[in-house]
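**Student:** This is the structure I have questions about; it appears just below.
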Amino acid sequence: MGSRSVRVSRLLKISALSLGFATTACGNVPTDAPAPQDAALQSPPPDAGGRQDAGRGPDASAPGDAGVNPQVSTAPPAAPDLPTAEPTSQGVGLAPLIGMTNWVASAPSVAVFSLLLSRHGSLVYELYTPGIERPEAHFMMSTSKSVTSAIVGAAIDRGYISGPEATVADLLPAKLFATPADATRFGAVTLKDVMGMSALAADEPPRDNSPSGIARGDEFAAAANRVTFALTQQLLPTPGVSYQYNDITPMLAGGAVQYATGKRLFDFGNETIFAPLGFENAEWIGEDTTGLDLAAYGLRLRPLDMQKLGILYLDGGRWNGQQILSSAWVNTSLQAWMNTGAGVTPGYDNYGYYWWHRSDWGPEVHWTNGWRGQFIVEIPLYDAVFTMTADIETGDEETVLANLITTYVVPALAQSGTSPALESELASALATAHQGASRVNLQGDPRMIPSAAPIGTVIPFQP
């Protein structure tokens, strides 16, 4: 591990920033994968989010730096592979950012760990609460599902998987099915069904805390091959129409990638997405003894890398001029087609391929939803990405997010303007928000403790 390079910033966060703290967990990019299909090599159409179309929303051509106080910088510290900029240079108003920062500082009982905002591809706001540092990876919970979706897309782009209409029976080896009858019934279930949570009736805690739900969760956790376990579960009444959100169904998608590529989900994701985007300290924990990664909730990422993933999707799969994912896959995976019912979000289809959609926060958003407060929120109207990490144990993390989006983030994106007083006030507010007692619960779930060092052990995949 390299030596820390300590930078003290009184402007955005008073903390030790170790921009080169550790060699990335991503490693080198293997060269044995087939080339992406042609669709992944083409520039996206104008509506796919390519940066070459000068943005999509209001204020798409960012204002210049006129009026910025040269004595006080409100830009986040420089970050490798991710541009940083003054908020006002990207048309982001300072007053709402000050309000959001002050709210975080005034609510120490709300275990928010980080809030980051980018616009037009540049990071303009970066907040870490006391004890949280930029190099640390955070446990993503179910935001892992959305990353699994991206990795499935990479496998399709590169010809390992034929497409979302492929059936589970065709995607997985016959040896994984307990009986011929299991293989037959999964011959009617597609990868699209799996990625829309329209396949398995296999609920488990924390959504189903009944004795049967608890038993199912325990059996799943202990299974030597969790894909095999998933293939023994009941199907929903009408795959492709019925809906049940659970953590067992995504094993079928992750397993399809692993058996098609012969690599861990993490390793293939690193090769195709993480390394090209410059992820650092990423880790996928919780493999079974076969080496199958926990596709639903095993990933750990830095908030900076959550931002990169959101920007990648906002730009139709492009990153620094390179087509990482095909625009066709990005657009399809974000397209809401599954109605999750009134118990989740009433009134409209709101679920795509492990990505959520909603329009009741003002502008339309696509977002990932990780338990306890791990969110990536893409706001196409404003060409912006907002991310949050937290360990909110009271069950109201979505309420916290909704308040941040509607009260602070959208108003900041909808207005501009600056003054030396506001610049100084934001710098001071960010410094204050990073002071005080840590919000990390050292007595709680150890996975929720951010760290730059890995916390798991790697089990090689054995197809």
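Read-outs throughout are calculated quantities, based only on the coordinates presented, and are distinct from any laboratory measurement. What you are looking at is a predicted structure, and each value in this text was computed from that prediction instead of being measured. Every residue, glycine among them, receives a Cβ derived from its backbone with ideal geometry; neighbour counts consider all protein chains shown.
**Student:** So which residues in the stretch 189-212 are over 24 Å from Asn350 (Cβ atoms) and either assigned to a helix (DSSP H, G or I) or not small (Gly, Ala, Ser) (or both)? Show your work before the answer.
**Tutor:** Filtering the stretch 189-212 down to residues over 24 Å from Asn350 (Cβ atoms) leaves 209-212.
Listed by number, the residues that qualify are Asn209, Pro211, Ser212.
**Student:** I've got another one for you. If you check Phe268, Phe220, which single one turns out to be among the aromatic types (Phe, Trp, Tyr), free of Cβ contacts under 8 Å to residues at least 60 places away in the same chain and over 23 Å from Tyr351 (Cα atoms)?
**Tutor:** Working: Phe268 fails: free of Cβ contacts under 8 Å to residues at least 60 places away in the same chain.
That would be Phe220, the only listed residue that is among the aromatic types (Phe, Trp, Tyr), free of Cβ contacts under 8 Å to residues at least 60 places away in the same chain and over 23 Å from Tyr351 (Cα atoms).
**Student:** Still on this structure, please answer the following. Please identify the pairs in which a residue from the stretch 441-458 that is farther than 21 Å from Asp305 by Cα has its Cβ atom under 8 Å from the Cβ atom of a residue that is among the small types (Gly, Ala, Ser), counting only partners at least 6 apart or on another chain.
**Tutor:** Pairs that qualify, where the first residue is farther than 21 Å from Asp305 by Cα and the partner is among the small types (Gly, Ala, Ser), are Asn441/Ala111.
**Student:** Closer than 25 Å to Leu127 by Cβ and in contact (Cβ under 8 Å) with a residue 12 or more places away in the chain: which single residue out of Ala421, Ala427 fits that description?
**Tutor:** Working: Ala421 fails: in contact (Cβ under 8 Å) with a residue 12 or more places away in the chain.
Matching residue, one of Ala421, Ala427: Ala427.
**Student:** Name the pairs whose Cβ atoms lie under 6 Å apart, with the first residue in the stretch 353-370 and free of Cβ contacts under 8 Å to residues at least 40 places away in the same chain, the second part of a strand (DSSP E or B) and of a type in the set (S, T, N, Q), and 6 or more positions between them or separate chains?
**Tutor:** If the second residue must be part of a strand (DSSP E or B) and of a type in the set (S, T, N, Q), the pairs left are Trp356/Asn369.
**Student:** Of the numbered conditions (1) farther than 29 Å from His357 by Cβ; (2) part of a loop (DSSP other than H, G, I, E, B), Ala181 satisfies every one except a single condition; which is it?
**Tutor:** Only one criterion in (1) farther than 29 Å from His357 by Cβ; (2) part of a loop (DSSP other than H, G, I, E, B) is unmet by Ala181, namely (2).
**Student:** Another one. If Arg216 satisfies all but one of (1) farther than 30 Å from Gln323 by Cβ; (2) out of contact with any Asp or Glu (no Cβ under 6 Å at 6 or more places or on another chain); (3) surrounded by fewer than 22 Cβ atoms within 10 Å (Cβ to Cβ), what's the number of the condition it fails?
**Tutor:** That leaves (2) as the condition not met.
Every residue, every condition in (1) of a type outside the set (Lys, Arg); (2) closer than 18 Å to Gln258 by Cβ, yes or no:
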{"residue": "Phe186", "(1), (2)": "yes, yes"}
{"residue": "Asp193", "(1), (2)": "yes, no"}
{"residue": "Met197", "(1), (2)": "yes, no"}
{"residue": "Ala201", "(1), (2)": "yes, no"}
{"residue": "Glu204", "(1), (2)": "yes, no"}
{"residue": "Asp208", "(1), (2)": "yes, no"}
{"residue": "Ser212", "(1), (2)": "yes, no"}
{"residue": "Asp218", "(1), (2)": "yes, no"}
{"residue": "Arg226", "(1), (2)": "no, yes"}
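**Student:** Let me spell it out: the conditions are (1) among the small types (Gly, Ala, Ser); (2) on the phi > 0 side of the Ramachandran plot; (3) outside any loop (DSSP other than H, G, I, E, B), and Gly278 meets all of them except one. Which number is the exception?
**Tutor:** Every condition holds for Gly278 apart from (3).
**Student:** Now for a separate question. Is at least one residue of the stretch 391-414 polar (S, T, N, Q), touching a residue at least 12 places away in the same chain (Cβ under 8 Å) and outside any helix (DSSP H, G or I)?
**Tutor:** no
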